[in-house]
Every structure is written in structure tokens, then in C-alpha cells.
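Trainee: Can you keep this structure in mind? I'll have questions shortly.
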Amino acid sequence: MKKLVLLFLAVALIAVLAVGCVNHEEALPTIKIGYRGHDAYLPMFVGMDKGLFEKNGFKVEPVKFESTNSLMEAMLAGRIDASLGGVNTILLYTLESKSPGSFKIFSMLNESAAQSISAVAVKSDSPLQSIFELRNKKIGAHSGSAIKSLYNAFAKQNNLTAEFLQMDQKMVLPSLTAGQIDAALLLEPYVAIGAQKKAIKILDKAVFDKYLMKNTPLMVSVVSRKWLNDNPALFASLKKATDEAIDIINNKPEAVKVSLAKYTPIDSEIAEKLPVSHYFKAEEIDKEAVKEFGNVLLKIGELKTSVDVDEWFVELNTF
């Protein structure tokens, strides 16, 4: 009888603890974070895999988008709160010129010659050997304003007249290998996927760095300014979790490749060979480079008016 009583108490205790855990998890505030299925959003993927969000006192509701434009539209409309790692800055300059003061940035990823995340490629058996042979050809790329800006600069500097076709990012590589387009502007992870399958031949790489600006300040973590102003303490927790994810990425890049295989189209074999980008935290962002990139976009006609980016940066002393 005594053993039965002890057993009952043990079961009851486990049930109480389980309910307590569930209640604790349900009690955590939720942040809606937008993302896309490519490797630039690695800080979010690592944060989910390593439990960094719950550790810092909140839950994440991940919301997937097919384009950065639709992601930022959702943020400006209040349907999501933030995005970690991969929002392209070219779109942000355009948004700032139309809807100033709507967001803040709190991490950055640059493209450089040493850290390439873009390429111009043709199918592996294509007779084309150089970018100058792309005149009057069909060049494909995924949808979005940033890649269109890149193509315009690339075409202008190489004096190319070509047919530029934008499509769903999942269709670019298959369209190239099927011969429906002659060349493609590819971003990672599709450069790595094509190379691993020996399906592509690269004609040029680090295209943003080469044709727009050296060490292009290209991808950022973004938070809605309205949401931040309404939730400063919760944003501080989000930034802390993001910084912890960045520390893991920068210091142990091999350990985070499993996250790429889980949340992007990259399989584990390709992920193992993919170089992991270096991320800069908010306090490490080169603000002058961000300003200069806006001037570059204005000079080449991608922006119609100059953009003041001074208010983009989070005020670190307030968090």
C-alpha cells in the first residue's frame, strides 16, 4: 500500500511539473519573425536549433516568404515583427525613400571577393565561356528589386543587351539546366547546389562586390520600429539571442551547417562544403559603408532621391 501511495505521488509530481513546463512555455511572449529559405537567414535557423529564443525568454513564430519584398510589406503592415540575417539592403533604401522611419537594423552580412554569395553561371555544357558572350541572350534570376538592381549594374558595366527574366527562386536553376535560359544570376545556396551537382559553370562571382560596391553591406537583421518602440525590453532579448547565434556562427561555422540542411534546400552533403558567411553585430556595423552604398545606388539611378540612414541603427545604450 505504501509503495502504491509513493507511486501515485511520483506520478502526480511529474504531471504537475509537466503542466508547469507547458504553462511556462505558453506564458512566453511571441515574436513573429519573417524569413526566406536561404542561408543568409542563418542567425534565425541557429537560434531555433540551439533554443536561444526560449533561453532569452520568448518564443518565435516563424513566417516564411518567397520574396524579400513581400516580407517587408508584411513588416510594414504589422503582420510580422522582425527578420534575422537576410533582408537585402537595396530594398531597404527604396523603402526608406518612400516610408521613412519604419525599421531599424541590428546585424549585417557583407559580400566581398573573399566572401562571395552571388555568381553569374551558365549550364555546365554551355559553349559560352565569358560574360561578354551573353549579349542578346536570356539571363534569369529570382524575383525581387535587389537582384534587378544588380543585373542593371552588371549589364551596364559590361555593355550587355540581354533579355532579363525574373522568376520564383526555386525555378532559376532548373530553368538554366533545362536550357530555357542561357545564364543566371544566382545567390547562395543555389550557387553551391549547382556546383555540387556539376550542373553549372561559373563565369563571374561576388557580383555585388564587383559591380556595385566593394564589401557590399548587403544583408541585415531588421525590426519594425513601431514594434520596437512598443516592446523595447522584448527587442533587447531578441537582439541578445541574435548576438548569441552570431557568436556561434562566427566562432564555430562547421557546427551550424546542420541548420542550413534543416531550413534551406541544401542537403547535408552540400551544406558541409558551403562556406559560412561572417555576420556583424549591431555595434560592429560599418555605418559609413551603409551610407556610401546609398550614394552608389543614387548615382546609378536605382534611387531617385538621397536616403538618410542615420536613424537605421539601433541605439545600443537604450537596451
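Trainee: Total Lys pairs in the stretch 67-194 closer than 20 Å by alpha-carbon, pairs eight or more apart in sequence or interchain only?
Mentor: Number of lysine pairs found: 11.
Trainee: Which of the residue pairs K59/K281; K262/K299; K197/K240; K59/K304 have a Cα-Cα distance greater than 32 Å in the structure shown?
Mentor: The answer is K262/K299; K197/K240; K59/K304.
Trainee: Find out how many positive minus negative residues lie around L274, taking Lys and Arg as positive, Asp and Glu as negative, among other residues whose Cβ is under 12 Å from that of L274.
Mentor: Within the 12 Å Cβ shell, the charges total -4.
Trainee: Among the aspartates and glutamates, which have Cα under 13 Å from the Cα of K198 when same-chain residues fewer than 8 positions away are ignored?
Mentor: Here the aspartates and glutamates satisfying the reach criterion relative to K198 are D125.
Trainee: Go ahead and set up a Gaussian network model of the chain, Cα springs under 10 Å, then flag whichever of T68, T305, T89 fluctuates most.
Mentor: In this elastic network of the chain, the residue with the biggest mean-square fluctuation among T68, T305, T89 is T305.
Trainee: Count the DSSP beta bridges whose two residues both fall in the stretch 118-205, then state the antiparallel fraction as a percent rounded to the nearest 5.
Mentor: Antiparallel bridges: around 55 percent, rounded to the nearest 5.
Trainee: Taking 0.36 nm per residue of separation and subtracting the Cα-Cα distance, what length does fully extending T30 through A199 add?
Mentor: Extra length from T30 to A199 when fully extended: 56.7 nm.
Trainee: Sort R225, R135, R36 by Cβ crowding within 10 Å, fewest neighbours at the top.
Mentor: In order of increasing Cβ crowding within 10 Å: R135, R225, R36.
Trainee: If you find the alpha carbon centre of the stretch 55-102 and of the stretch 174-194, how far apart are they in angstrom?
Mentor: Distance between centres, Cα-based: 26 Å.
Trainee: Can you spot the aspartates and glutamates whose alpha carbon is less than 18 Å from K64's alpha carbon? Ignore those fewer than 8 places along the same chain.
Mentor: Hits, sequence-local ones excluded: D39, D49, E73, D81, D168, E188.
Trainee: Sort L28, L185 so the one with the fewest other Cβ atoms within 10 Å of its own Cβ comes first.
Mentor: Placing the least packed residue first, the sequence is L28, L185.
Trainee: Take the Cα of N136, step 7 Å along the line toward its Cβ, and report every residue of the stretch 142-179 whose backbone nitrogen sits under 15 Å from that point.
Mentor: Label zone hits: 160-163.
Trainee: Count charges around G37 for me, please; just the other residues with Cβ under 10 Å from its Cβ, Lys/Arg as +1, Asp/Glu as -1.
Mentor: +1
Trainee: Moving on to the next point. Could you put T161, T177 in order, starting from the residue whose Cβ has the fewest other Cβ atoms within 10 Å?
Mentor: T161, T177
Trainee: Along the charge dipole of the chain, Cβ charges K/R +1 and D/E -1, which of S118, N215, F103 sits furthest on the positive end?
Mentor: S118
Trainee: Can you compute the charge dipole magnitude of the chain about its Cα centre, using +1 on each Lys and Arg Cβ and -1 on each Asp and Glu Cβ, nothing else charged? Give it in debye, rounded to the nearest 20.
Mentor: 540
Trainee: Separate question: Along the positive direction of the dipole of the chain (beta-carbon charges: Lys, Arg +1; Asp, Glu -1; about the Cα centre), which of Y35, G140, A82 reaches farthest?
Mentor: G140
Trainee: While we're on this one: When DSSP assigns beta bridges and you keep just the ones with both residues in the chain, what percent turn out antiparallel, to the nearest 5?
Mentor: Bridges in the chain that DSSP calls antiparallel: roughly 60 percent.
Trainee: Same structure again: On alpha-carbon atoms, Rg over Rh for the chain using Kirkwood Rh?
Mentor: Looking at the chain, the ratio lands at 1.06.
Trainee: Add +1 for every Lys or Arg and -1 for every Asp or Glu among the other residues with Cβ under 14 Å from the Cβ of L298, and state the total.
Mentor: Summing Lys and Arg as +1 and Asp and Glu as -1 gives -1.
Trainee: Next question. Run the quick spin-label model on F313 and D230: label points 7 Å from Cα toward the beta carbon, then report their separation in nm to one decimal.
Mentor: Between F313 and D230, the simple spin-label model gives 2.8 nm.
Each reported figure results from applying straightforward, stated rules to the coordinates on display, with no laboratory input. Predicted, not measured: the structure shown is a model, and the values here were computed from it. FYI the Cβ positions are ideal-geometry reconstructions off the backbone, even for glycines, and counts take in every protein chain you see.
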